[in-house]
1. If we keep just the residues of the stretch 234-245 that are touching a helix residue (DSSP H, G or I) at 6+ places or on another chain (Cβ under 8 Å) and either touching a residue at least 60 places away in the same chain (Cβ under 8 Å) or within 21 Å of residue 334 (Cβ to Cβ) (or both), which is surrounded by the most Cβ atoms within 10 Å (Cβ to Cβ)?
2. Only one of 87, 109 is among the polar types (S, T, N, Q), within 25 Å of residue 141 (Cβ to Cβ) and out of contact with any strand residue (DSSP E or B) (no Cβ under 6 Å at 6 or more places or on another chain); which?
3. What is the number of the single condition among (1) surrounded by fewer than 20 Cβ atoms within 10 Å (Cβ to Cβ); (2) within 21 Å of residue 193 (Cβ to Cβ) that residue 218 does not meet?
4. Within the stretch 269-278, which residues are at negative phi and either loosely packed, with under 14 Cβ neighbours inside 10 Å or assigned to a helix (DSSP H, G or I) (or both)?
5. Taking the stretch 246-261 as the region of interest, how many residues are surrounded by 18 or more Cβ atoms within 10 Å (Cβ to Cβ), assigned to a loop (DSSP other than H, G, I, E, B) and touching a Ser or Thr at 6+ places or on another chain (Cβ under 9 Å)?
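Nothing in this text is a laboratory measurement; each read-out follows from the coordinates by a stated rule. Being a predicted model, the structure only gives us computed values, none of them experimental. Neighbour counts run over all protein chains shown; Cβ positions are idealised from the backbone, glycine included.
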Amino acid sequence: MEFAGPHLGGIQVLLSEIRDAVHDCGLAKNPEMIRKAAAAGVTPLQACAIAGDRGCCEALLATGADVDDASIGGAPPLHFAIAAGATEVVACLLSHGADLHRQGPGGRTGLEVAMESGDEEIANLIADSRLSAAEKNAALVFALRAGRFDLADRLIRRQAPARGCPGAEDLGGGDVLVEAVSNGRAEVVEFLLARECEPSAVDRESLAPLDHAEADDKRAVRILLLRAGADPMDRDASGWCSFWRAVVGLHVEAVRDYVSHGVDLTSRLQVTGAEAEYDGLTLEEAVVHSIGRMTPDDELAADLAEGYRQVGVDPPLEEIASSLGEDAGTAAERGAAIVEMLGGMTRRNGRDRRR
């Protein structure tokens, strides 16, 4: 990590003067010292952090220096110490209350800088420090983003909330497992599930990890979740579940995977709220309705859904595709695949029951 501004030669001269004045009780607020530091492009504490001089840092802090002062260069001393690999200075700053969430250049926090630094000693120091539950979880998120599984494991052992419970949220409000699923990070998902992260826990929007794994390029994480026990038929308060969301979203491969894990193909969708128009529909009817919703002609979409509901025959997907334009044609192809697959499964299940 690099910081623009400070000139190392000037900092070395400045540091020598700070060391000479280390016993001066007014060191931290010495106007001449502050002026010289500013001329070098840093604060006195930043200079000591860059140089890795814990003694000078302790002296400055003892005489009133602001541990998070980023008035020059935009980065607090902790960021400089991490970038310099100055483990003892990092420990000193943390012991004096340095804010791990204080942002520096580019909006990155001390936690992010530490977890991404590649410095094992510093990252371990922060992982082992007295972090709040929120800080532990943020550190866990940053460690996983950086692929630092050793640190993530260390944090989990120290009870970072990785289980996917309501408290397991990163600073942006997302669950650690959901974030990994959303980004298609199969190795992170596998790591978390192996450490008993709950595969069906919902996020703030009441969406389960499977709901974030519907896209074709998320199949690897979807299979991991299913194998870990995630249930695509778990319904939320409004009646939706991952299986039905995949059906109405026309996600063919996701539906195929859910069917292979065993779902009730004879049920009707029972939902309330904003999408109550789907309430009472069978699987095939829901597919037709979803295709109709992807077109600008709401009246035609409603007619198609109602017509199929009344007639009870296979949905005219090819006809829909030819009459509603290119987007609907693409949707109809996906819908046809889903209906064909579900129809085959339903007929096969019916034969099995008769036997």
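1. Across the stretch 234-245, the extreme among qualifying residues is 242.
2. 87
3. (1)
4. Of everything in the stretch 269-278, those that are at negative phi and either loosely packed, with under 14 Cβ neighbours inside 10 Å or assigned to a helix (DSSP H, G or I) (or both) turn out to be 272, 274, 276, 277, 278.
5. 1
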